[in-house]
1. Would region 88-101 turn up any residue that is out of contact with any strand residue (DSSP E or B) (no Cβ under 7 Å at 6 or more places or on another chain), part of a loop (DSSP other than H, G, I, E, B) and touching a residue at least 40 places away in the same chain (Cβ under 8 Å)?
2. Mind listing whichever residues of region 25-65 are under 18 Å from residue 177 (Cα atoms) and part of a helix (DSSP H, G or I)?
3. Could you figure out which of (1) at pLDDT 95 or above; (2) closer than 23 Å to residue 149 by Cβ; (3) touching a helix residue (DSSP H, G or I) at 6+ places or on another chain (Cβ under 7 Å) isn't true of residue 30?
4. For region 218-229, give me each residue that is assigned to a helix (DSSP H, G or I), over 20 Å from the mean Cα position of the chain (by Cα) and either closer than 15 Å to residue 172 by Cβ or without any contact (Cβ under 8 Å) to a residue 12 or more places away in the chain (or both).
5. How many of the residues in region 188-217 are surrounded by fewer than 20 Cβ atoms within 10 Å (Cβ to Cβ) and in contact (Cβ under 8 Å) with a residue 60 or more places away in the chain?
6. What number of residues within region 186-216 satisfy the criterion of being outside any helix (DSSP H, G or I) and out of contact with any strand residue (DSSP E or B) (no Cβ under 7 Å at 6 or more places or on another chain)?
7. So residue 113 passes all but one of these: (1) buried (at least 18 other Cβ atoms within 10 Å of the Cβ); (2) more than 20 Å from residue 67 (Cβ to Cβ); (3) modelled with pLDDT of 95 or more. Which condition number does it fail?
8. Cβ contacts < 6 Å: first residue in contact (Cβ under 8 Å) with a residue 60 or more places away in the chain, restricted to region 141-162; second residue in a helix (DSSP H, G or I) and buried (at least 17 other Cβ atoms within 10 Å of the Cβ), any location; separation 6+ or different chain. Result?
């Protein structure tokens, strides 16, 4: 506990120590270029490139926008919206009849899209992640959910358990910061929680990003077989079981 508190004021030291744990990130890696036939052809446009602390890396936002372009979700949810630059990018790429809900406890969140043509299609909710932040009618209705709120283990676990029931049968649930930082100071428990959750759900890391993904489609027989075949292809080793193999990367 004392060591944890010590590292909480020294993020660079924690980052260096976290990097020594080479086996921390062990989810199987999925290439979306293999998963979506039109992945490479779907265009993505960037207008704003936000900088500063808490800004999502451009590569991760690109991955999210590509998923939106490939799956054409009609109802999107972003939890942990902050300034709203990721939300604005999602809104630029979602279908014309789609809507986006953004959730953040900061009453000033959403400055990036405020006053833009997309503001009318984005519903801002100022609230912590809790069950009564959503209505019963929203259960199973979201085709795209992006979680980038509290990163501590307990926070990610609580938020995920509240949000997963909102996901549609063909939707995608995305977690940000499946990354090797915050291992010892406790600030990033995303990897540890997703490893725990992956015992019951098929969760993958998206190649080229710090985004992890799950879809209920992968719980079906056809989905399991297709995903397993793609992951075996990524391993380069026929017959490898990507869900238990730790040396794929």
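The values are calculated or read from the model by the stated rules, or taken from the named source; none is laboratory data. What you are looking at is a predicted structure, and each value in this text was computed from that prediction instead of being measured. Cβ atoms come from the backbone with ideal geometry, glycine included; neighbour counts cover every protein chain shown.
1. Filtering region 88-101 for residues out of contact with any strand residue (DSSP E or B) (no Cβ under 7 Å at 6 or more places or on another chain) gives 88-89, 92-93, 95-97.
When the remaining residues are screened for being part of a loop (DSSP other than H, G, I, E, B), the result is 95-97.
Cutting the leftovers down to touching a residue at least 40 places away in the same chain (Cβ under 8 Å) gives us none.
No, that holds for no residue.
2. Here is the first cut: in region 25-65, the ones under 18 Å from residue 177 (Cα atoms) are 25-32, 50-65.
Selection gives 32, 58, 59, 60, 61, 62, 63, 64, 65.
3. Among (1) at pLDDT 95 or above; (2) closer than 23 Å to residue 149 by Cβ; (3) touching a helix residue (DSSP H, G or I) at 6+ places or on another chain (Cβ under 7 Å), the lone unmet condition for residue 30 is (2).
4. 221, 222, 225, 226, 229, listed by residue number.
5. 4
6. Filtering region 186-216 down to residues outside any helix (DSSP H, G or I) leaves 186-189, 198-215.
Pick out the ones that are also out of contact with any strand residue (DSSP E or B) (no Cβ under 7 Å at 6 or more places or on another chain) and you get 186-189, 198-200, 208-209.
Looking only at that region, the number is 9.
7. Of (1) buried (at least 18 other Cβ atoms within 10 Å of the Cβ); (2) more than 20 Å from residue 67 (Cβ to Cβ); (3) modelled with pLDDT of 95 or more, only one is false for residue 113: (2).
8. Close Cβ pairs (under 6 Å, with a partner that is in a helix (DSSP H, G or I) and buried (at least 17 other Cβ atoms within 10 Å of the Cβ)) amount to 142/166; 145/163; 147/159; 149/159.
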